[in-house]
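The structure under discussion appears below in the form of structure tokens.
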Amino acid sequence: MQELVTKFKARYDYAWVVLQGLVKTDFRLRYQGSFLGVAWSVLKPLMTFCVMYVVFGKFLRMSDGTPTYPVVLLLGISSWQFVTDSTNVGLRSVVDRGDLLRKIHFPNYIVVVSATVGAMISFAINLGVVLIFALFARVQFTWRVLLLPLNIIELYLVTLGITLIMATMYVYFRDIAHIWDVLQQLVFYGMPIIYPLSYVTNRGGLYATLARLELLNPFAQAIQDIRHNFIAPETQPTIWNQYHNPAVKVIPFALAVAFLWLGVYLFRRNSRKFAEVM
């Protein structure tokens, strides 16, 4: 028994060292050659926020009318930026690290995890920026901020599951990268990120029904919960206050677990063939 524990600890320590090395390398290479470097991890969502706020908040007036709306918008964009950074880098990670995987023996999944962890570091930096904006906007924080780590963990796990699925598919079908470029745009505009969910629910009828159905999407549900618990619990609709049936409230969490399980299953089943295919 002691021998098994020692062997497991040695493998865990080795995997952890490899993961740390890949995360550091990926983070450096991501901004290598750019003048502003890591600052782009903050500037990208900030520039997107400025464009979206002017177009949707000012011209189209798709706002919830509250002083916290700009901060809520920035938080939503930063959260989605984490998803896109993870998936765009992660789906190519196995192929991009093909030479390394053939030369050094370590679990293949680490290259995918390193991509998502690198994106999580950028997300953490962006959350710090959002906090500064929130303080300037005089946001009244509540005890629900304590739930924020759980919401972020959920968003990370469902993103990891999707990334594992696409990384597996990309080894066999390079077209998946182009398909995902289109799909992520559809998902982005189909979720309440650049427009407040209350803007749709207040219209009533079919619009309100469709808006509530959006919360069954684990990405939308997690991002809305992050906004609700971090910035504006009074104005942000979530699955918790839009549905009374406990079985319905479980759906996005069940989907998140299903995506993660499917991603792990497909990746482990095919990982031994990656070297042959590449």
List the pairs whose first member sits in the stretch 119-141 and is of a type in the set (Phe, Trp, Tyr), whose second member is part of a helix (DSSP H, G or I) and surrounded by 13 or more Cβ atoms within 10 Å (Cβ to Cβ), and whose Cβ atoms are under 7 Å apart, counting only residues at least 6 apart or on separate chains?
-> 123/78; 123/82; 133/71; 133/74
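Of 249, 273, which residue is surrounded by fewer than 20 Cβ atoms within 10 Å (Cβ to Cβ), in contact with a Phe, Trp or Tyr (Cβ under 6 Å, 6 or more places away or on another chain) and assigned to a helix (DSSP H, G or I)?
249
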Would a scan of the stretch 167-174 turn up a residue that is more than 30 Å from residue 110 (Cα to Cα), charged (D, E, K, R) and open to solvent by 30 Å² or more (accessible area, probe 1.4 Å)?
-> no
Filtering the stretch 130-151 down to residues that are open to solvent by 30 Å² or more (accessible area, probe 1.4 Å) and part of a helix (DSSP H, G or I) yields 131, 132, 133, 135, 136, 143, 144, 145, 146, 147, 149, 150
Within the stretch 252-270, can you find the residues that are at pLDDT below 90 and either over 15 Å from residue 107 (Cβ atoms) or open to solvent by 50 Å² or more (accessible area, probe 1.4 Å) (or both)?
-> 268, 269
Scan the stretch 180-192 and report the pairs whose first residue is under 13 Å from residue 223 (Cα atoms) and open to solvent by less than 70 Å² (accessible area, probe 1.4 Å) and whose second residue is polar (S, T, N, Q) and in a helix (DSSP H, G or I), with Cβ atoms within less than 7 Å and a gap of 6+ or a chain change.
-> 192/224
Taking residue 234 as meeting all but one of (1) open to solvent by 80 Å² or more (accessible area, probe 1.4 Å); (2) in a helix (DSSP H, G or I), write down the number of the exception.
-> (2)
Right, residue 49: at pLDDT below 65, within 26 Å of residue 138 (Cβ to Cβ) and touching a helix residue (DSSP H, G or I) at 6+ places or on another chain (Cβ under 9 Å) or not?
-> no
Name the residues in the stretch 169-210 that are more than 29 Å from residue 51 (Cβ to Cβ) and either of a type in the set (Ser, Thr, Tyr) or in a helix (DSSP H, G or I) (or both), would you?
-> 169, 170, 171, 172, 205, 206, 209
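The values are calculated or read from the model by the stated rules, or taken from the named source; none is laboratory data. Not measured: the values here are computed from a predicted model. Positions of Cβ are generated from backbone atoms using ideal geometry, with glycine treated the same way; all protein chains shown enter the neighbour counts. We work out accessible area using only protein heavy atoms, side chains counted, and drop any ligands, DNA or RNA first. Shrake-Rupley method; radii C 1.70, N 1.55, O 1.52, S 1.80 Å.
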